[in-house]
1. When the accessible area of the chain is computed with all protein chains present and a 1.4 Å probe, what percentage of it is carbon and sulfur?
2. With the cut-off at 1.5 for a/c, could you classify the stretch 258-328 from its C-alpha gyration tensor as rounded, prolate or oblate?
3. What is the spin-label model distance, in nm, from PHE513 to HIS319 if the labels are put 7 Å beyond Cα along the C-beta direction?
4. Apply the Karplus parameterisation 6.51 cos²θ - 1.76 cosθ + 1.60, with θ equal to phi minus 60°, to every residue of the stretch 446-451 and state each ³J(HN,Hα) to the nearest whole Hz, in sequence, with x for glycine and proline.
5. Counting only the backbone N, which residues of the stretch 144-185 are under 16 Å from the spot 7 Å out from the Cα of SER714 toward its beta-carbon?
6. Just to confirm, what accessible area per residue do you get for the chain at 1.4 Å probe, in whole Å²?
7. Among CYS375, TYR664, ALA704, whose Cα sits farthest toward the positive end of the charge dipole of the chain (+1 at Cβ of Lys/Arg, -1 at Cβ of Asp/Glu, about the Cα centre)?
8. Ordered by packing density, taken as the mean number of other Cβ atoms within 10 Å over each peptide's residues, highest first, how do 194-202, 353-361, 13-21 rank?
Amino acid sequence: QDEEKWDFVLVSNIHEVGSREEIKRKKFLDELSKKDFAIKKIEDKQLYYGVRAPKEIFQKYQWLLRNPDSRPQNPDNHQDVPVTTRIRIVNFILQNTMTPDLEKLPDLIKKKVFKAAFPLHEKEGVWVNLDKNWARWRDIFHSQPIEDIRCYFGEKVALYFAWLGWYTCLLAIAALAGLVVFVAGITVFSSGQVSKEICEASTTIMCPLCDQKCPFWLLSDTCTYAKITHMIDNEGTVLFAMFMAIWATVFLELWKRKRATVVTNWDLYRWDEEEEELALELINNLQHEPQKYQHSYLRSTIVLLMVLVTIAVLIGIAHALVIYRVVAMALFTQSKVEFLREQANTIAVMTGAVLHYITIVIMTKVNKQVALFLCDLEKPRTFSHHENNFTVKFFTFQFFTHFSSLIYIAFFLGRINGHPGNYVRIAGKWRLEECHPSGCITDLFIQMGIIMLLKQTISNVVEYLTPWISHKVHKKPQCPKKRSMVVGEEEEVEDPCKNQWLSNYQLREVNVFSLFDEFLEMVIQYSFTTIFVAAFPLAPLLAFLNNLFEIRLDAIKMLQLSRRMVPRKANDIGIWLQVLEAIGTLAVIGNGLVIAITSDFIPMQVYKYMYSPCATENSTSVDCSTGYINHSLSVFRIQDFEPHTKVPKMLPDFVTDKIKECRYRDYRNANDYSYTAQFWHIFAARLAFLILFEHVALCIKLIAAWYVPDVPQSVKNTFLNRKHSNLRGEL
């Protein structure tokens, strides 16, 4: 039985005898034969070469590392080395075997000498277990068999699923809190004093939203929009933002504990990746010299400059989206269709969000190539260094792609657009957008909602359907053909390997990025659930529902629709932990800024305690925010419009005499349009709140990090006992 197991399969086209490809292929296979590899050839529409490594290689590995891998993980296998370790070693040797022409397997695949190289799925033992208890939709609420995943896919994949499961568990708490805040917002939906004032303001005439063809409008027209805004923008949101900052810290601290427990059970807590790589290099080639550590300031400077240029381009794309929305708004407001005219702002925001999603999809592909190019420039020492460098760069680019547009809406929209009579314009023509009188936070809510929904639904559907459809297409037509072929070829009586190799080859190709892409998707999602969560309290709920499906989706994809991944050893999730910690800090800053700048929370508090009836007349019977809307709108005299603005002729029917003035959202004096004292009060309060919020939140984060130890005491005690018994044994 052992003899029939093949570690790897190489696939090649049938080349003409004597052709360049055929000679290169022969040279490569000869090198493997010199290393005592067993090779079996099967001919079909392509050539398939099964490769099995000699036992000596694994004995050398065990002797060099004398590690816990020497005990079998699965009693059915009579091998000394677990299958995952076996595949990993063989993969390393295949990737690093050099032909006399100084070419390795990756070079040969590029030159079309070989088409693919992959380990085989073994549909027995652990695979059956995983298929039954893991890669099934019915197990959506069950825990995952992490130990089995490790035995089949290796530690790196097992840690990804352990992390994803842990993240999803803790998301349930955040999702519940977000839902409570959102529902509380809906219950105070109509009862809020501010939205009441907006709905009753049927005599407040607002300035036109564009230069041509836009009428004056009544503040009460936007009653619904105001109610929606106050459903999101209330005191509960501030507490929720605080809660999420603490949640992000506690989640990471608890994950560190969980990871310590898991890798201690695997005996990998003190595992040294560098030693592992050196051992594999020496097993492959005794004459190998280690590559030295190097650092070049010139190279680092060039890479840094190129990263900055790329980020500038990504921010430029965000500007393009802003320009699109400004122009779209101008066109919609002049449209013949009444619905487009009335909902111009909302439609511009929504189409802008869809366009943003499309740029995300396109730029992801571009960013990946740029990050790879920059990594090659840096010439990293080992594969893991290469992976870390790539991760940081690619994530940075993805972060700007996803968030630069949101950052504009959150912090700049409606703050840099000037005032009536002196608007800031793009190309001297189009006015920048304004915020709604009840605040900008709804725009941010819509944008985040659309991007999260599109990203999670479309991306997941594409991610699952592509391999699923290709799997179904490959599966169907071949059964009858295969049978007839076997009858035709007497000399090859139903080789048991043939079907297995063919079916594995037809599965979706996997590469080093397969797991990376899954991680990236989750980390971007984690950014959405923490960074602007103050504007979108439903983000954790959406993420939680998505992840329940994501775990099973990834399981089905890895087990049934893709070729087997080359297992990789790891004792943590690598550089992603630092990325997650950075996002946690950004989340505190982001939410502090959203509450201080985007939300109307601060202006309302300033009004309540300084200008409201409660503050001036000490009357407690009135709601303290009475009169806030009137107080937050400035007056503009119609005669001061810019010369090329057509003052609208269509005046609302209730006004008979000519309108002399209109209102707009800002704190400016009526005579010279300079800022009022209130503006500076609110500005100071915003800054004070921001500094206070960030410091309090960061202190709570630090306390939480100290309170929850990274490594559980049980793990420390395990090592203590081990050292003690080792020393006693020595004596």
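1. Working: 21980 of 35170 Å².
The computed percentage sits at 62.
2. Details: a/c = 4.15, a/b = 1.88, b/c = 2.21.
Taking the square roots of the gyration eigenvalues as a ≥ b ≥ c, the stretch 258-328 is oblate.
3. 2.9
4. 4, 4, 5, x, 5, 5
5. Counting only backbone N, you get 146-147.
6. On the way: 35170 Å² over 731 residues.
On a per-residue basis, 48 Å².
7. Result: CYS375, furthest along the dipole toward the positive end.
8. Peptide ranking by packing, descending: 194-202, 353-361, 13-21.
The values are calculated or read from the model by the stated rules, or taken from the named source; none is laboratory data. Computed from a predicted structure; not experimentally measured. Reconstructed Cβ throughout: ideal geometry from the backbone, glycine too, with neighbour counts over all protein chains shown. Surface accessibility is based on the protein's heavy atoms, side chains included, excluding ligands, DNA and RNA. Shrake-Rupley method; radii C 1.70, N 1.55, O 1.52, S 1.80 Å.
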